[in-house]
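Since the structure comes first, as structure tokens, the remarks are kept for the end.
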Amino acid sequence: MQVAVDKASLLHELETEYAVSAEATAFYREYGYVKLKNVLSPEVLQYYGDIITELVFRLNTLTKPMEERTTYERAFLQIMNLWREDASAREFVFSRRLAKIATDLMGVQGVRLYHDQALYKEPSGGLTPWHADQFYWPLASPQTVTVWIPLQATPMEMGPLAFAERSQNVEIGRDIEISDESEQRLSEELKKLNFNVNDTPFELGEVSFHAGWTFHRAGPNTSGAPRKVMTMIYMDKDQTISKPKNSFQQADWTTWLDSYPVGSKPESSLNPVLFTY
Ligand SMILES: O=C(O)CCC(=O)C(=O)O
């Protein structure tokens, strides 16, 4: 029997506040990430998850067999800026509830969207190597944060996101892209420096927020089902664009920041403010 969807209550949930505790904020600032439970209901995850999944499989162009893929390609199907493809996906990505959490964790006055991306680790998909996201972004300050939203409960065998605690402040491996080399070099260096790694399952409704310079990875998906995840990357609304330092940042500047001038705030229509006090 099909149950009618109460769209108004789903939208209401995406708009209303989630109270971020002082402990969660302090944890985020010290450890560079935080995992929060019961942020989204099963109903919201089911409804928007189905829409996101349909878009991922419709827009995906990575169809070659696993054994012919690079490490990066084995890690996930990566489909970006779904908000520009579909009005319902936009409702999810523009959630004030999630944008306000990002704002409060960073302690800023508001956030803009950098871009969204769905990251689907297929059954038999490989690990996501250690890396820090901000290597890819031509942004001047470290005030960036990604919300990682599993669309199903994510046990260890699906490859939940894992975090090297307090690693946002160390200047190792900031010059290295996601690769076999980043996995090897960073796992050695992080071990040598005694970073504790939080590698734990996610309950349904639980999400994480991690800072742009926090090192993170994910294990392979050894389950029989896809690990479906949606993410949004937020930046302080007063963030400014810096001169691209590598070819990835150059490409990001053109694609995600609409080549807005270096030194200015990214104020093009690609980077809307999603929450402000
Ligand atoms: O989902 C993954 O496996 C990796 C996610 C990630 O690196 C990110 O969201 O920054």
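The values are calculated or read from the model by the stated rules, or taken from the named source; none is laboratory data. These figures come from a predicted structure and were not determined experimentally. Every residue, glycine among them, receives a Cβ derived from its backbone with ideal geometry; neighbour counts consider all protein chains shown. When the accessible area is computed, the model is the full protein with side chains, heavy atoms only, and any ligands, DNA or RNA have been set aside. Shrake-Rupley method; radii C 1.70, N 1.55, O 1.52, S 1.80 Å.
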Zone residues, the stretch 71-103, relative to S141, backbone N less than 13 Å from point 7 Å out along Cα-to-Cβ
103
Need the list of lysines near K228 for cross-linking: C-alpha distance under 26 angstrom, and skip anything on the same chain fewer than eight residues off.
K7, K35, K37, K64, K100, K121
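May I ask for the net charge around Q109, where only other residues with Cβ less than 10 Å from the Cβ of Q109 are counted and Lys, Arg are +1 while Asp, Glu are -1?
Details: positive: K237; negative: D236, D238.
It works out to a net charge of -1.
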Length gained, E85-N60, 0.36 nm per residue minus C-alpha separation, equals 7.7 nm
Sites E67 and V273 - FRET efficiency at Förster radius 35 Å, r taken between beta-carbons, to 0.05:
0.20
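Please report the equivalent ellipsoid semi-axes of the stretch 7-259, computed as sqrt(5 x eigenvalue) of the Cα gyration tensor, largest first, in whole Å. Walk me through the numbers on the way to the answer.
On the way: eigenvalues 117, 100, 75 Å².
In descending order the semi-axes read 24, 22, 19 Å.
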Which of the chymotrypsin sites (Phe, Trp or Tyr not before Pro) found in the stretch 168-224 are loop residues per DSSP with 12 or fewer other Cβ atoms within 10 Å of their Cβ?
none
Among E206, E67, E43, determine the one that fluctuates most according to a GNM of the chain built with springs between C-alpha atoms less than 10 Å apart.
E67
With a/c under 1.5 counting as rounded, go ahead and sort the stretch 3-138 into rounded, prolate or oblate using the C-alpha gyration tensor (a ≥ b ≥ c being the square roots of the eigenvalues; past the cut-off, prolate if a/b is larger than b/c, else oblate).
oblate
How far apart, in nm, are two points set 7 Å out from the Cα along the Cα-to-Cβ line at L204 and at A8?
2.6 nm
Selection of trypsin sites (Lys or Arg not before Pro), the stretch 181-277, meeting DSSP coil and at most 14 other Cβ within 10 Å:
K245
With a 1.4 Å probe and all protein chains left in place, how much of the accessible area of the chain comes from carbon and sulfur atoms, in whole percent?
51 percent
The stretch 127-166 to the stretch 9-52: how many Å between their Cα centroids?
16 Å
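So, R0 is 41 Å and r is the distance between the beta-carbons of T53 and Q109; what FRET efficiency does that work out to, to 0.05?
Values: r = 35 Å, r/R0 = 0.84.
Efficiency, from the Cβ-Cβ distance: 0.75.
Note down the relative contact order for the chain as a percent, whole number, built from C-alpha pairs under 8 angstrom at least six residues apart.
Values: 587 pairs, mean separation 79.5, N = 277.
Answer for the chain is 29 percent.
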Using the heavy atoms of the protein chains and a 1.4 angstrom probe, tell me the accessible area per residue for the stretch 7-259 in square angstrom.
41 Å²
Loop-resident sites, the stretch 3-96, for trypsin sites (Lys or Arg not before Pro), counting at most 10 other Cβ within 10 Å (DSSP):
K37
